[in-house]
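Encoded as structure tokens, the structure appears first; notes follow it.
The values are calculated or read from the model by the stated rules, or taken from the named source; none is laboratory data. Computed from a predicted model, the values in this text were never measured in an experiment. No Cβ is skipped: glycine too gets one built from the backbone with ideal geometry, and neighbour counts run over all protein chains shown.
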Amino acid sequence: MAKDIILKLGTYMTTVNNKDIAAGAIPGASLEKFVVNLLKSPTCCVKYVTLSKGTVTQSGSITTAVTLNQPAGEITTVSATIAAGAMSSFTLNNSFIKADSVIMATVNDTTGTGLLAVQVDGIVAGSCTVSLGGVVANTGVVIVGFAIM
């Protein structure tokens, strides 16, 4: 059974299927491997997937909402302490987010020495909740990268 994936590229849609992979049009032996490679290393597929990217810096507190209307970007948080086992959340307002969007997020960097996990949930049209959890206590600024699919 053939599987397709639809990737949002700027303002238009492109369909990629197993035939494209078999023909060498995109890297990977299967569509599943292509998606895994994309998640592991977005630069592996830069010539195949290009998203407009923006940046925003949070002000106020670690729970203050941010707005960034781009399909991908980086959020720089305020400096805050997130204890081991604790979680801090904020709202990301973004016009590209639809109720059925898949949002990938990662901790790109931190000025602290701790270890953080990031989670995205509460996805509704126009916003989602980004939560940072302390695996090992962290004090400092955190840069969260995201992409909306």
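Structural remarks
Let's see how each residue does on (1) at pLDDT below 95; (2) part of a strand (DSSP E or B):
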{"site": "Ala29", "(1), (2)": "yes, no"}
{"site": "Val49", "(1), (2)": "yes, no"}
{"site": "Gln70", "(1), (2)": "yes, no"}
{"site": "Gly73", "(1), (2)": "yes, yes"}
{"site": "Val78", "(1), (2)": "no, no"}
{"site": "Ser88", "(1), (2)": "no, yes"}
{"site": "Phe96", "(1), (2)": "yes, no"}
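- Top-ranked residue in the stretch 80-97 [being over 15 Å from Ile123 (Cβ atoms) and in contact with a Ser or Thr (Cβ under 7 Å, 6 or more places away or on another chain); ranked as surrounded by the most Cβ atoms within 10 Å (Cβ to Cβ)]: Ile82
- Each residue in the stretch 113-130 was checked for being under 17 Å from Gln58 (Cα atoms) and out of contact with any Phe, Trp or Tyr (no Cβ under 8 Å at 6 or more places or on another chain), and 3 pass.
- Hits in the stretch 122-137 - residues which are loosely packed, with under 15 Cβ neighbours inside 10 Å and in a strand (DSSP E or B): Gly122, Val124, Val135, Val136
- Subset of the stretch 98-121 (residues that are outside any strand (DSSP E or B) and surrounded by fewer than 17 Cβ atoms within 10 Å (Cβ to Cβ)): Lys98, Ala99, Asp100, Val102, Thr111, Thr113
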